[in-house]
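Beneath this line is the structure, given in structure tokens, with notes to follow.
The values are calculated or read from the model by the stated rules, or taken from the named source; none is laboratory data. Just so it is clear, the model here is predicted, and its values are computed rather than measured. Accessible surface is based on the protein model in full, side chains and every heavy atom, while ligands, DNA and RNA are left aside. Shrake-Rupley method; radii C 1.70, N 1.55, O 1.52, S 1.80 Å.
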Amino acid sequence: MKKYVCNVCGYEYDPVKGDPDGGIAPGTAFEDISDSWVCPVCGAGKGEFEAV
């Protein structure tokens, strides 16, 4: 699974870790996250992320 980086603040979403504080379980692919999810650091929308 690919990692994705927020273009606004640099936060890296790692699917192995997920975003437990945001309700995203470890092992969740970025593509499977709801479009309403936002960056846990800066609040940017999912559309502000890019694959790395």
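Here's how it looks for residue 13: its modeled amide H is under 5 Å from those of 4, 5, 6, which are all 5 or more places away or on a different chain. Rolling a 1.4 Å probe over the protein heavy atoms gives the chain an accessible area of 61 Å² per residue.
The 3J(HN,Hα) values that the Karplus relation (6.51, -1.76, 1.60; θ = phi - 60°) gives for the stretch 21-26 are, in residue order, 5, x, x, 9, 5, x Hz. Gly and Pro appear as x. Taking every C-alpha pair closer than 8 Å and separated by at least 6 residues, the mean separation divided by the residue count of the chain gives a relative contact order of 41 percent. Where [x] 85; [y] 65; [z] 48 are the candidate values, the label of the one calculated here for volume of the Cα convex hull per residue in Å³ is [y]. Within the accessible area of the chain, the carbon and sulfur atoms contribute 50%, probe 1.4 Å, all protein chains present.
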